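Report on the structure given below.
What follows draws every value from the coordinates through simple rules; no lab data is involved. This structure is a prediction, so every number in the text was calculated from the model and none was measured. Positions of Cβ are backbone-derived with ideal geometry, glycine not excepted, and every protein chain shown enters the neighbour counts.
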Amino acid sequence: MVVAVDGLAGAGKSTVARAVAAALGCPYLDTGAFYRAVTLAVVRAGADAASEQAVLQVTAAACLDYAAGAMLLDGEDVSEAVRTPEVGALVSAVSAFPEVRRLVVERQRDWVEEHGGRVVVEGRDIGTVVFPEAAVKVFLTASAAARARRRVADAEAAGQTLQDVEDHLRARDHADSTRAASPLRSAADAVTIDTTDLTVAQVVAVILGLIAEAEGDAGR
């Protein structure tokens, strides 16, 4: 069973998805980390981030893996390196290229198959593109102000004010939702959860309830 956790930046996807995976005792995959790793590879290669062909060449040559909660690029743990402001400023543009997304999605699907197929997968197009047949789909949202408060202490937000972070999130929302390839949107059959005034435990409880219901239906 694939559990798809999609949603807006800062809505709590990573924290919630990790907690759900821990409760289920199954693997967790942060698909956004793949695109960040590709972006880091582009930066390190000195490639033109505005050129789909250049980015595609870097992506094709990169060895991407996710193990024990760490993003690996060519065998190196880059979990911290992919969270720098430099990578954050470019990842939306890099991840918007259709052929780059196609290649990365193939690798993500292979990862899930290699890990037995019972996985909690977090990202922005899991329920709509990567795993449209996922048994459970949720879409997390929250107010821009709440998301900014959660993100302002992150390394990626270093030197930014709360308003700067909120403005960046709004711009990211627009870029992700209007891109031609795999735009950010809730799947028609996803359950939308507004996390603005909910604790992580409350959100996790809702999702675990949906999973239990789906497993019950499958067993009938």
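Figures for the structure shown
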quantity: Nearest-20 debye value, segment 1-157 charge dipole, Cβ charges on Lys, Arg, Asp, Glu; calculated: 660
quantity: 222 nm mean residue ellipticity, helices alone, for the chain (DSSP H n ≥ 4; -39,500 (n - 2.57); rounded to 500); calculated: -15500 deg cm²/dmol
quantity: Other-chain or far-sequence residues with amide H under 5 Å of Thr192's (modelled H); calculated: Phe139
quantity: Potential lengthening between Ala135 and Ala93 on full extension [0.36 nm per residue; Cα-Cα distance subtracted]; calculated: 12.1 nm
quantity: Ordering of 38-50, 204-216 by packing [mean C-beta count within 10 Å, highest first]; calculated: 38-50, 204-216
quantity: Length-normalised contact order of segment 1-152 in % [C-alpha pairs under 8 Å, at least 6 apart]; calculated: 46
quantity: Residue-span extension gain [Asp74 to Thr192] - 0.36 nm each, minus C-alpha spacing; calculated: 38.9 nm
quantity: Cα-based Rg and Dmax for the chain, where Dmax is the largest Cα-Cα distance (Å); calculated: 16.7, 55
quantity: Percent antiparallel among DSSP beta bridges (both partners in the chain, rounded to 5); calculated: 25
